Amino acid sequence: MSEIIVKASDLCVDFDIRSRAFGKPDRLSAVRNANFEIRRGETFGLVGESGCGKSTLAGALAHFVPISSGELELNGVRLTKNSPKADWNKARHGVQMIFQDPFGSLNPRFQVWQLISEPMLLAGEDDEKLLYERAVELLGLVGLSEKDAGRNIFEFSGGQRQRIAIARALSVNPEFIICDEPTSALDVSVHSQICNLLLDLQEKYSLTYLFITHNLALVRHLTDRMAVMYMGQIVETGSTDEIFDSYAKDGGESLHPYTRALLSAIPEVYPTPGRERIILEGEVSSPINAGDSCRFAPRCRYCREECKSAPIAGREIGKDHVTCCPYFG
């Protein structure tokens, strides 16, 4: 089994929000008891509805967002809420992030070579000639050229900006890159270009990716393993092939009900006869002052009374396949 580069154990991210003048503030539970592992050299997919906490979880892994409880093991360093800043800095060395919006994540006041070399500058490198040469080298890796180094970011298209963002992420030789919906703000015509570039760079530099997306076709194509998230809770993890093949074989009878609903929404060029399109009904549960019970229960057709009160727990239903529903698998 490959080395584990990221491991989350009951990881929680909460935010205090004041809804009253006096008394204890309400708690918004953005990520609740997340458990998963990411292995060196693989692409790990994270899928779920908008607002379910995917980007917040990514921010916690990069320490943009503080964790509230639980444990995170990152690059061999064990981290908790109370870990000293030095431990976080050590663990974050070798972690970079590619953001969703290349129009907002790149400073328009900088020239391209300055944008790409900025992480190196922050890491302590101050030789301007070396910074420029490294930026030019990375521009070549992502399909651009030296003539682009002195240009400003507003002169580029969305796909070119994302290539520059990828080059910036590579500047400090990371081992683990968080890709937070890197293609969602781009035209469909450049999706495959960016995805193929990421795959080529992964093969060349043995990179590990966390790939966050709404596009389940991309998940099937790019990822080795995946996790499904609903309202801050990871409800299923497993091999991407196993999860998709299980749905294709028997409609996903062994999968979590929410995973089945997601997979049923994938459009087909030639619809499968008898395939059920699962329509989720009911109200979305509130993440404010929420407990540890299943948050999908109000919309689940299989919900039982104990689902609304008992804490969810992962249950292994196959090799490296865990679901948090006790009634399936």
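The values are calculated or read from the model by the stated rules, or taken from the named source; none is laboratory data. The shown structure was predicted, so the numbers you read here are calculated from the model rather than taken from an experiment. Ideal geometry is used to build each Cβ from the backbone, glycine not excepted, and the neighbour counts take in all protein chains shown.
Filter segment 167-208 for residues that are of a type in the set (A, V, I, L, M) and farther than 21 Å from Asp224 by Cα and give the result.
Taking segment 167-208 first, the residues of a type in the set (A, V, I, L, M) are 167, 169-170, 172, 177-178, 185-186, 188, 190, 194, 197-199, 201, 207.
Across segment 167-208, the qualifying residues are Ala167, Ala169, Leu170, Val172, Ala185, Leu186, Val188, Val190.
Could you give every pair whose Cβ atoms fall below 6 Å, whose first residue belongs to segment 198-222 and is touching a residue at least 12 places away in the same chain (Cβ under 8 Å), and whose second residue is of a type in the set (D, E, K, R) and assigned to a helix (DSSP H, G or I), counting only separations of at least 6 or pairs across chains?
Between residues of segment 198-222 that are touching a residue at least 12 places away in the same chain (Cβ under 8 Å) and residues that are of a type in the set (D, E, K, R) and assigned to a helix (DSSP H, G or I), the close pairs are Ile212/Lys54.
May I ask you to verify whether Gly76 is farther than 30 Å from His256 by Cα and surrounded by fewer than 14 Cβ atoms within 10 Å (Cβ to Cβ)? Spell out the reasoning first.
Details: farther than 30 Å from His256 by Cα: yes; surrounded by fewer than 14 Cβ atoms within 10 Å (Cβ to Cβ): yes.
The answer is yes for Gly76.
Kindly establish whether Leu186 is among the aliphatic types (A, V, I, L, M) and in a loop (DSSP other than H, G, I, E, B). Outline the logic, then answer.
Values: among the aliphatic types (A, V, I, L, M): yes; in a loop (DSSP other than H, G, I, E, B): yes.
For Leu186, the condition - among the aliphatic types (A, V, I, L, M) and in a loop (DSSP other than H, G, I, E, B) - is met.
Scan segment 273-329 for residues that are aliphatic (A, V, I, L, M) and either outside the structural domain of Ala248 (by TED's automatic domain parsing) or not in a loop (DSSP other than H, G, I, E, B) (or both) and jot them down. Steps first, please.
Keep residues of segment 273-329 that are aliphatic (A, V, I, L, M), which gives 278-280, 284, 288, 290, 297, 310, 312-313, 317, 322.
Within segment 273-329, Ile288, Ala297, Ile317, Val322 meet the criteria.
With the requirement that a residue be under 21 Å from Ala30 (Cα atoms), of a type outside the set (D, E, K, R) and touching a helix residue (DSSP H, G or I) at 6+ places or on another chain (Cβ under 6 Å), what does segment 254-292 give you?
Gly282, Ser285 - these are the residues of segment 254-292 that are under 21 Å from Ala30 (Cα atoms), of a type outside the set (D, E, K, R) and touching a helix residue (DSSP H, G or I) at 6+ places or on another chain (Cβ under 6 Å).
Residues in segment 308-329 that are basic (Lys, Arg) and under 18 Å from Ala8 (Cα atoms): how many? Walk me through it before giving the result.
Going through segment 308-329, the residues basic (Lys, Arg) turn out to be 308, 315, 319.
Subsequent filtering for residues that are under 18 Å from Ala8 (Cα atoms) retains 315.
So the count comes out to 1.
Determine whether Val269 is under 29 Å from Gln96 (Cβ atoms) and of a type outside the set (Ser, Thr, Tyr). Quick ask: steps written out before the conclusion?
Details: under 29 Å from Gln96 (Cβ atoms): no; of a type outside the set (Ser, Thr, Tyr): yes.
So Val269 fails the test.
In segment 185-195, what residues are more than 11 Å from Leu218 (Cα to Cα) and not hydrophobic (A, V, I, L, M, F, W, C)? Can you show your working first?
Going residue by residue through segment 185-195, those that are more than 11 Å from Leu218 (Cα to Cα) are 185-190, 193-194.
Within segment 185-195, Asp187, Ser189, Gln193 qualify.
All but one of (1) touching a residue at least 60 places away in the same chain (Cβ under 8 Å); (2) within 14 Å of the chain's Cα centre (by Cα) hold for Thr183, so report the exception by its number.
(1)
Given the options Leu11, Leu61, name the one that is within 25 Å of Thr240 (Cα to Cα) and touching an Asp or Glu at 6+ places or on another chain (Cβ under 9 Å).
On the way: Leu61 fails: touching an Asp or Glu at 6+ places or on another chain (Cβ under 9 Å).
Within the list Leu11, Leu61, the selection yields Leu11.
Filter segment 18-38 down to the residues that are of a type in the set (Lys, Arg) and either in a strand (DSSP E or B) or touching a Phe, Trp or Tyr at 6+ places or on another chain (Cβ under 8 Å) (or both), then identify the one that is modelled with the highest pLDDT. Break it down into steps so the answer makes sense when it comes.
Keep residues of segment 18-38 that are of a type in the set (Lys, Arg), which gives 18, 20, 24, 27, 32.
Filter once more, so that each one left must be either in a strand (DSSP E or B) or touching a Phe, Trp or Tyr at 6+ places or on another chain (Cβ under 8 Å) (or both): 27, 32.
Working: Arg27: 89, Arg32: 94.
In this case the residue turns out to be Arg32.
Let me spell it out: the conditions are (1) of a type in the set (A, V, I, L, M, F, W, C); (2) within 26 Å of Ser206 (Cβ to Cβ); (3) surrounded by 20 or more Cβ atoms within 10 Å (Cβ to Cβ), and Val172 meets all of them except one. Which number is the exception?
Every condition holds for Val172 apart from (3).
Scan segment 63-110 residue by residue and report those that are of a type in the set (A, V, I, L, M) and within 17 Å of the chain's Cα centre (by Cα).
Going residue by residue through segment 63-110, those that are of a type in the set (A, V, I, L, M) are 65, 67, 72, 74, 77, 79, 86, 91, 95, 97-98, 106.
Across segment 63-110, the qualifying residues are Val65, Ile67, Leu72, Leu74, Val95, Met97, Ile98.
Output the number of the condition that Glu155 fails; it satisfies all remaining conditions of (1) modelled with pLDDT of 90 or more; (2) more than 18 Å from Glu175 (Cα to Cα); (3) touching a Lys or Arg at 6+ places or on another chain (Cβ under 6 Å).
(3)
Which residues, taken from segment 190-232, are within 30 Å of Asp292 (Cα to Cα), modelled with pLDDT under 95 and of a type in the set (S, T, N, Q)?
The answer is Thr213, Asn215.
Taking into account only those residues within segment 99-128 that are touching a strand residue (DSSP E or B) at 6+ places or on another chain (Cβ under 7 Å) and touching a residue at least 60 places away in the same chain (Cβ under 8 Å), which is farthest from Ser171 (Cα to Cα)?
This residue is Gln100.
With the requirement that a residue be within 21 Å of Gly314 (Cα to Cα) and not aliphatic (A, V, I, L, M), what does segment 33-55 give you?
The initial filter retains those residues of segment 33-55 that are within 21 Å of Gly314 (Cα to Cα), namely 33-39, 44-49, 52-54.
Listed by number, the residues that qualify are Asn33, Asn35, Phe36, Glu37, Arg39, Phe44, Gly45, Gly48, Glu49, Cys52, Gly53, Lys54.
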